[in-house]
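Undergrad: Below is a structure I'd like to ask you about.
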Amino acid sequence: MFMLRVIAVGALVVWSALGASIIPGDARRGEQLFHSEQCIQCHSLKGKGGTLAPDLSRRVDRDYTPSVMASLMWNHAPDMWAAMKKQGVKQGNMTPEKAADLFAYFVSARYFEKDGDAARGKQAFTDRHCADCHGITSSKEPAAPPVVKWDSLADPVILAQQMWNHGPKMRAEFSKRKLAWGKITGQELTDMLVYLQHLPETRDLVKNFSFPPSDSGEKLFTSKGCTECHVGKRALEVLLKNQTLTEIAVDMWNHQPSMKNPPPTFQPEEMQQIISYIWTKQYFRGTGNVNRGKTAFTAKSCANCHNDAASGAPKLGKGKDAYSQITMVAALWDHGPQMLESMTARKLAWPRFTAQEMEDVIAYLNSL
């Protein structure tokens, strides 16, 4: 309940917002918030929790971006507040850090991942020759750790790091065995992970991860030589737009053979920093159109209050800070019901937004 509401009311009115820098999120703290803020009274996650509202691990759309979620929850907000009042759910407080923690928790629960198939994954694990070296509990090759020792099954960031660092050795082993090196798809890796995560020996692994502070991510991205190629049209926030963490790991795996030799290696904490920097930058990077956003801002009656000083609603403008889904979620937590009351008094209908309209309005607000 809590997460749905804060995302819903965060789209148009912001008293203040943090800068455009990436806000770190921790899935474990997000899980605690999901309980402490009473979201679990109405919502469940993977079947655990209330039944009055949707299970938040269930996919609603194949590209379930922050703007899709924001628009859905904005549209649903009045019903949410009525349900909260009926259930006696007390409103908590929200900060950008808390909002980021909740996002990380939902992502860690595969909220934004694509569906996988264990049977296909088992077949791919064999067809891609993974099973030639990696056993489940023990391996034929001493240098190939068995699946039960893969930390990457529980953390997609470690998955990317280990696949990247393991690539040169894998290519050498393939060459030794006279096997053709083949690219894999995001769907294949997703299927393999579903298969491996649900084995009796691995199903109890905790599948949570954290986005650490990414202050060093940009510096690492430069020091590792990534910025030599990934600029302009090849900037990763463009190339990786709307991709899942698993798909990003696949892209890194497929890309490595074409890089200068040898490619840079990463320690786990370095990969965490870089993935935090890249993934959140592309994930919350909107594609809104300022002119369309201005039109929607007027057509949806937002301007009726926010351009009217007598209404008491703040005049919106970027100032030194930028609007994003997370910062607006945090800033607007306290003001949604007040907005609804004001709109009801003015006999204005609660606005409904598509995901694209949501991105357009955000772009417009950032242009002010």
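Undergrad: With 32 Å as the limit, write out which pairs from K233/K294; K122/K224; K241/K300; K86/K114; K48/K300 have Cα-Cα distances beyond it, or answer none.
TA: Values: K233/K294 27 Å; K122/K224 35 Å; K241/K300 28 Å; K86/K114 35 Å; K48/K300 37 Å.
Listed pairs above 32 Å: K122/K224; K86/K114; K48/K300.
Undergrad: For C133, C229, C39, C305, which order do you get if you count the other beta carbons within 10 Å of each Cβ and list the fewest first?
TA: Going from least to most buried by this count: C229, C133, C305, C39.
Undergrad: What aspartates and glutamates does K85 reach when the alpha-carbon gap must be under 15 Å and sequence neighbours fewer than 8 apart in one chain are set aside?
TA: Of all the aspartates and glutamates, those that pass the test against K85 - Cα under 15 Å, at least 8 places apart if same chain - are E37, D334, E341.
Undergrad: Principal axes first, then extents: for the Cα atoms of region 144-255, list largest minus smallest coordinate on each axis, whole Å, largest first.
TA: For region 144-255, the Cα spread along each principal axis is 44, 38, 23 Å.
Undergrad: Using a cut-off of 17 Å between alpha-carbon atoms, which aspartates and glutamates can reach K347, once sequence neighbours fewer than 8 places away in the same chain are excluded?
TA: List returned: D308.
Undergrad: Which three extents, in angstrom, do the Cα atoms of region 97-194 have along their principal axes, listed largest first?
TA: 50, 25, 24
Undergrad: Which is farthest toward the positive dipole end of region 143-191 among P145, I158, Q187, measuring Cα position about the Cα centre, with Cβ charges +1 (Lys, Arg) and -1 (Asp, Glu)?
TA: Going by the charge dipole, the pick is P145.
Undergrad: Identify the residues of region 338-355 with backbone N under 19 Å of a label point that sits 7 angstrom from the Cα of T295 along the Cα-to-Cβ direction, or state none.
TA: 351-355
Undergrad: Continuing with this model, one more query. Please give me, ordered by residue number, the trypsin sites (Lys or Arg not before Pro) of region 68-168 that lie in loop per DSSP and have at most 10 other Cβ atoms within 10 Å.
TA: K90
Undergrad: OK, next. Fewest first, what order do W350, W253 take by the number of other Cβ atoms within 10 Å?
TA: Arranged by neighbour count, lowest to highest, W350, W253 become W350, W253.
Values quoted throughout were computed directly from the atomic coordinates according to the rules given, and no laboratory measurement underlies them. Computed from a predicted model, the values in this text were never measured in an experiment. Here the Cβ is made from the backbone with ideal geometry for all residues, glycine too, and neighbour counts use every protein chain on show.
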